[in-house]
Amino acid sequence: SVPFLIRLFPSVLTKFVYLNFLAFPYFVDFRRPELLVKNTVNLHLTTEPGVTVGIWHTVPGSRGAEAQGKERRWYEEALADAHPVIIYLHGNGGTR
């Protein structure tokens, strides 16, 4: 009966594969990463029309003192400088 139910309700399978309805840890506002991780700001990138990806930009500890009290614009400019960028893809479950 499970394959039949999946065929009738494919969105249920998607929910259980990607677990996008879970938020862990609970009661945390992921739109404000600076409360969880130092020197971090929440940004959104438009990858193609209609598709927006949320990202956190965290500067390394060596630039931490420089990042203190800076606005979002400073973080965006820091992405464009000559320093390397490491992209961490957290997988398909949970939240960033």
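The values are calculated or read from the model by the stated rules, or taken from the named source; none is laboratory data. Quantities reported herein were computed from a predicted structural model and do not represent experimental measurements. Note that we place each Cβ from the backbone using ideal geometry, even for glycine, and neighbour counts take in every protein chain shown. The area values use the complete protein model at the heavy-atom level, side chains included, leaving out ligands, DNA and RNA. Shrake-Rupley method; radii C 1.70, N 1.55, O 1.52, S 1.80 Å.
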Checklist entry - Among the residues of the range 1-23, which ones are among the polar types (S, T, N, Q), at pLDDT 80 or above and part of a loop (DSSP other than H, G, I, E, B)? => result none
Checklist outcome for this item: Given the conditions (1) over 22 Å from Val85 (Cβ atoms); (2) in contact (Cβ under 8 Å) with a residue 24 or more places away in the chain; (3) open to solvent by less than 90 Å² (accessible area, probe 1.4 Å), every one holds for Leu43 apart from (1)
Checklist entry - Can you tell me how many residues in the range 24-40 are modelled with pLDDT under 85 and surrounded by 12 or more Cβ atoms within 10 Å (Cβ to Cβ)? => result 5
Item to check | Test result for Thr40, hydroxyl-bearing (Ser, Thr, Tyr), more than 30 Å from Pro3 (Cα to Cα) and touching an Asp or Glu at 6+ places or on another chain (Cβ under 7 Å) | outcome: yes
